[in-house]
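Structure first, commentary second.
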Amino acid sequence: MFSDLPYGKYQVKQFCQLALDRRPMGADPCQMATTRIREYREAAQVSQEQLADAVGISVSQISRIERGEREPRLDEIIRVSLRLGVPVAILIGEEDEAPPIDVVGRIGAGGSIDTSSEQLDGIQPLYRIEAPLGLPEDAIAFEIYGESMWPRYDHGDVIICSRHGNDIKGVIGFEAAVATDKGERYLKRVIEGSRRGLFNLESHNAPVMRDQRIVWVSDVLSVVRASQVRKLSEHARRKIRQRLRKPTRAQRSLNVTWCRKRRRAREDVAR
C-alpha cells in the first residue's frame, strides 16, 4: 500500500506512476484528491496559505483545487500529503481513512482507575482520535495514566484494545489491559498467580500486584504515542464520515480521459 512506501525512495514521476497503475479504471486520482484536500486540511487545522506555501503554488490555486475548478498535479498531491500527514493512497481514494477510535477512559499505569460504575458498551467517550488502519470493528482506546510502565509506555500514550477482550490464557506473559473484580483497570504484564484463577500484574518500575482476579482482559493492538495523538473535533469527525467509498457516475464517465492521462504519464516516465 502507498502508506507503506517511504517518500524519499522514489522519483516523483515514478511514485505518481505507481499511483496511476494501482487506481481502478474509471476513478481519476486527481479528481478524488480534489474532493478530499479541503476535508483533511480543515481536519489538520492548516490554512490555505500554509498549504499553498508547502505545495509551492498560490492561495488562489489552492482555493480553485478545493472548489473543483482545477485538478492538482500528482506531484502537488504528494506535497499536500506530506504537509497534511495523510497518505497519498487516502488522498486519491486508493484507501479509505480508518474510522475514528473512541478513547473510552483512562487506564492505570501507576495508579488505579475506578471502573466499578462503567460499562464499556454505550459509554460516553472522553474524546476520539485518528487511528491506524487495519483495526478490528470492536476497537476501543484508553489513555495511559501514570508512569509505572515506563519506558515502554509514557503517561498520555493511548493504547488500542478489543472491546470484547481476549481469553486470558492468550495474554499470559504479555502486557495487556485488564479490569479486576475490584472495579479497577490497569495496563500490566499478566503472570499466573499462586493458584488457579488468580494472576500477578507486573509493572516495569512498580511493585507487583499479586493474586488479582481478572474479569476482563485485552492485549494491546496498537499504541498511539502522546505526541502523535490527534484528537478529532466534531467538525472533523463529520467530515471523515463523508469519505468517498465508490466512484460517482461522473467519475465513471471519465474513462476515456483517464486512459489518456495514464498514457501520457507512462510516456513521461519513459523519458
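Of all the numbered requirements in (1) modelled with pLDDT of 90 or more; (2) in a loop (DSSP other than H, G, I, E, B); (3) within 30 Å of P87 (Cβ to Cβ), K182 misses one, and that requirement is (3). Go through the residues of the stretch 39-52 one by one and say whether even a single one is modelled with pLDDT under 80 and part of a helix (DSSP H, G or I). Yes: one or more hits. Residue under question is A177, and the condition is that it be surrounded by 15 or more Cβ atoms within 10 Å (Cβ to Cβ), modelled with pLDDT of 65 or more, under 24 Å from D102 (Cβ atoms) and not β-branched (V, I, T); does it hold? So A177 passes the test.
The residue that is modelled with the highest pLDDT, counting only those in the stretch 121-133 that are crowded, with 18+ Cβ neighbours inside 10 Å and part of a loop (DSSP other than H, G, I, E, B), is E130. If you filter the stretch 192-223 down to residues that are hydroxyl-bearing (S, T, Y) and surrounded by 15 or more Cβ atoms within 10 Å (Cβ to Cβ), you find that the one that is farthest from G173 (Cα to Cα) is S222. Flag: Q251 does not match the condition of being surrounded by 13 or more Cβ atoms within 10 Å (Cβ to Cβ), over 19 Å from V86 (Cα atoms) and either small (G, A, S) or at pLDDT 85 or above (or both). Among the conditions (1) at pLDDT below 90; (2) not in a helix (DSSP H, G or I), I57 misses just one, which is (1). I'd like to check something: does the stretch 86-103 contain any residue that is at pLDDT 85 or above and either within 27 Å of Y127 (Cβ to Cβ) or of a type in the set (K, R) (or both)? No: the stretch 86-103 contains no residue that is at pLDDT 85 or above and either within 27 Å of Y127 (Cβ to Cβ) or of a type in the set (K, R) (or both).
Please work out which residue is nearest to I159 (Cα to Cα), limiting yourself to the stretch 199-244 and to residues that are part of a helix (DSSP H, G or I) and either modelled with pLDDT under 55 or of a type in the set (K, R) (or both). Checking each candidate, the answer is R237.
P136 fulfils the conditions (1) within 14 Å of S222 (Cβ to Cβ); (2) at pLDDT below 70 except for a single criterion, (2). Scan the stretch 136-179 for residues that are among the polar types (S, T, N, Q) and either part of a strand (DSSP E or B) or without any contact (Cβ under 8 Å) to a residue 12 or more places away in the chain (or both) and the total you get is 1.
The values are calculated or read from the model by the stated rules, or taken from the named source; none is laboratory data. Every value quoted in this text rests on a predicted model; they were computed, and no experiment measured them. Virtual Cβ from ideal backbone geometry, glycine too; neighbours counted across all protein chains shown.
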